[in-house]
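Since the structure comes first, as structure tokens, the remarks are kept for the end.
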Amino acid sequence: EAQVTQNPRYLITVTGKKLTVTCSQNMNHEYMSWYRQDPGLGLRQIYYSMNVEVTDKGDVPEGYKVSRKEKRNFPLILESPSPNQTSLYFCASSLFVWAHEQYFGPGTRLTVT
Amino acid sequence: AQSVAQPEDQVNVAEGNPLTVKCTYSVSGNPYLFWYVQYPNRGLQFLLKYITGDNLVKGSYGFEAEFNKSQTSFPLKKPSALVSDSALYFCAVRDRETSYDKVIFGPGTSLSVIP
């Protein structure tokens, strides 16, 4: 089944404790992206990747890191999480960046206390 | 800069009635436009897109949208609403010339279809 998977689905952590949210797609997609969803703000892009070893900042990159060592994986790293990073996070992928729709993972609900 | 507006936070419609979810956009160049739906506790699902050609595009679950370049709008429509259409709907835009690598999402519109 074609899908985007994220782990964990739910995470509660404390300020400053490094964490990684994994994202994997099995569709051989070139483009991958991370979003955060907050009430009233919709989805805001954190980072995206056009291909392996190519990443770039979205609109809200502060406090996040990403890497794209393999085509299928695109982990999101919070090196020192803060309470303002409490949010619902989505990973997405698309065949190419151009006119193609994105496929979204199920989401990761992160709470930072 | 790109932007997307969905002027209604909430839309209520009776089952069987037509529904419209509004979307207006701002881009420097020509747009790619998308609609996505989010059901509770789920990720977003693609509904339809406008790339080029016919301004009226049809998508999943009986939804359609009409690209209007002069009004910079892309409203989502369905002739007869179902209770199962109740969800959060997002409009998104990608500027095909100036920032094709970024997608901007609107804030979302919550649709409630009342039995």
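For chain B, the relative contact order is 38 percent, taking Cα pairs closer than 8 Å that sit 6 or more residues apart in sequence and dividing their mean separation by the residue count. Over 23 Å between C-alpha atoms is what I'm after, so list which of A:K71/B:K49; B:K49/B:K69; A:K69/B:K102; A:K69/B:K49; B:K49/B:K77; B:K22/B:K78 land there. Flagged as over cut-off: A:K71/B:K49; A:K69/B:K49.
Among residues other than A:S93 whose Cβ falls under 12 Å from its Cβ, what is the net charge (Lys/Arg +1, Asp/Glu -1)? Neighbour charge sum, excluding A:S93 itself: +1.
In chain A, a dipole from Cβ-located charges (positive for Lys and Arg, negative for Asp and Glu) runs towards its positive end, and of A:P39, A:P83, A:V54 it is A:P83 whose Cα lies farthest in that direction.
Excluding the site residues themselves, the longest part of chain A lacking any chymotrypsin sites (Phe, Trp or Tyr not before Pro) in a DSSP loop with at most 16 other Cβ atoms within 10 Å is A:1-95. Kirkwood's formula applied to the C-alpha pairs of the protein assembly as shown gives a hydrodynamic radius of 18.0 angstrom.
Quick one: putting +1 on the C-beta of Lys and Arg, -1 on the C-beta of Asp and Glu, what dipole do you get for the protein assembly as shown around its Cα centre, in Debye to the nearest 20?
Details: 22 positive and 20 negative charges, 98 e Å.
Roughly 460 debye for the protein assembly as shown.
Relative to its residue count, the stretch A:1-106 spans a Cα convex hull of 99 Å³ per residue.
Bridging of A:K18 to lysines at a Cα separation below 18 Å is possible for A:K65, once same-chain residues fewer than 8 apart are set aside. Lys and Arg at +1, Asp and Glu at -1: add these up for the other residues within a Cβ distance under 12 Å of B:S110 and post the number. With Lys, Arg at +1 and Asp, Glu at -1, the neighbours total -3.
None of the figures in this text is laboratory data; all of them are computed from the coordinates on show. This one's a predicted model, so the numbers in the text were calculated from it and none came from an experiment. Please note: Cβ atoms are built from the backbone with ideal geometry, for glycine as well, and neighbour counts cover all protein chains shown.
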